[in-house]
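Structure, as structure tokens:
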Amino acid sequence: MKEDRVRRLTWLWGAMLVFAGCASSSEVVMRSLPPAGDVQPSSPFLEVSLREAGVSGRTNRIFLSRVSLKNRTAKTLEFGPEDVYLADAGGRLLYRISEKWLPKYYNTRRYGQPGVADQKAIPAFPAAQVKLGDAMYTAPPSTRAQRDKVATDVAELVEETFVRPQEDAPGTFMDKAPDVIFGILLKAVSLGPGDGVSGYVYFYRAAGQGSAYPLRVVIKLEGEIHTFLFRE
């Protein structure tokens with residue numbers, strides 16, 4: 001099936017990046033985080049995984065949350081990256097990142113060339129405190145100066161983690177399958193009965209912030225909150 005092919009290609013892509021990173025001056029860190037159990041019973045609509053990407057010696061990280069959603073209802077569902085959150089065990093949300101910050105992984109033929117580092121790369125949360133179900137989460141600060149610094153840091157980390165390894169070891173690049181269609185700053189998708197979608201939502205953990213495990217992916221869907229835990 002197409003989703004199985006996406007998973008295989010994703011795993012192989014990550015393994016190739018790790019291999020490429022070993023050949024470069026800084027080792028690329030790319031690992032899948034195992035589940036730590038669900039806060040509530042697994043949703044029959046959702047399948048979620050979480051991966052961590054970074055460079056050895058750097059404490060800032062990019063987390064890739066892969067979400068697969070199958071509409072098993074009789075109505076149309078509206079769903080997008082703004083419905084996906086990532087928080088640490090202390091209830092702190094991580095910055096969301098525009099998919100455009102993953103050069104050569106972003107579909108430039110479809111969405112245009114990535115722009116220079118700017119604040120649009122780090123979409124703001126709706127409030128400093130975000131309530132999801134019965135839990136309250138703290139959104140990261142987003143003043144102009146802070147957002148400028150995060151955008152610069154993300155650009156440097158993406159260069160080291162995703163771009164340079166592929167330049168050092170040509171041929172490691174693998175494009176995303178066409179059904180992986182949503183990422184931060186892209187529009188939400190409308191899913192009719194029986195329709196499905198798979199895609200990534202990206203998050204950034206700043207250097208020195210630390211991250212208390214387990215990490216939790218929190219997803220809003222049709223007024224319900226679904227939480228998935230991942231450990232180191």
Of the residues that make up the range 155-174, is at least one among the small types (Gly, Ala, Ser), closer than 26 Å to SER26 by Cα, surrounded by 13 or more Cβ atoms within 10 Å (Cβ to Cβ) and at pLDDT 75 or above? yes
Restricting the search to the range 127-154, which residues are part of a loop (DSSP other than H, G, I, E, B), modelled with pLDDT under 85 and either among the basic types (Lys, Arg) or over 13 Å from ALA206 (Cα atoms) (or both)? THR143
Positions within the range 35-45 being surrounded by fewer than 20 Cβ atoms within 10 Å (Cβ to Cβ) and at pLDDT below 90, in sequence order: GLY37, ASP38, VAL39, GLN40, PRO41, SER42, SER43, PRO44
Quick check on my filter: what residues within the range 191-201 are surrounded by fewer than 19 Cβ atoms within 10 Å (Cβ to Cβ) and either modelled with pLDDT under 90 or not small (Gly, Ala, Ser) (or both)? PRO193, ASP195, GLY196
Residues of the range 57-73 satisfying the condition of being surrounded by fewer than 20 Cβ atoms within 10 Å (Cβ to Cβ) and touching a helix residue (DSSP H, G or I) at 6+ places or on another chain (Cβ under 8 Å): ARG58, ASN60, ARG66, SER68
Among the residues of the range 201-232, count how many are assigned to a strand (DSSP E or B) and in contact with a helix residue (DSSP H, G or I) (Cβ under 7 Å, 6 or more places away or on another chain). 6
Going through the range 202-211 one residue at a time, which ones are modelled with pLDDT of 90 or more and hydrophobic (A, V, I, L, M, F, W, C)? PHE203
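Would a scan of the range 89-101 turn up a residue that is of a type in the set (Lys, Arg) and modelled with pLDDT of 85 or more?
yes
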Could you identify the single residue in SER49, SER32 that is surrounded by fewer than 16 Cβ atoms within 10 Å (Cβ to Cβ) and modelled with pLDDT of 90 or more? SER32
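The values are calculated or read from the model by the stated rules, or taken from the named source; none is laboratory data. The structure presented is a predicted model; accordingly, all values stated were derived computationally and were not measured. In this analysis, Cβ positions are derived from the backbone assuming ideal geometry, glycine residues included, and neighbour counts consider all displayed protein chains.
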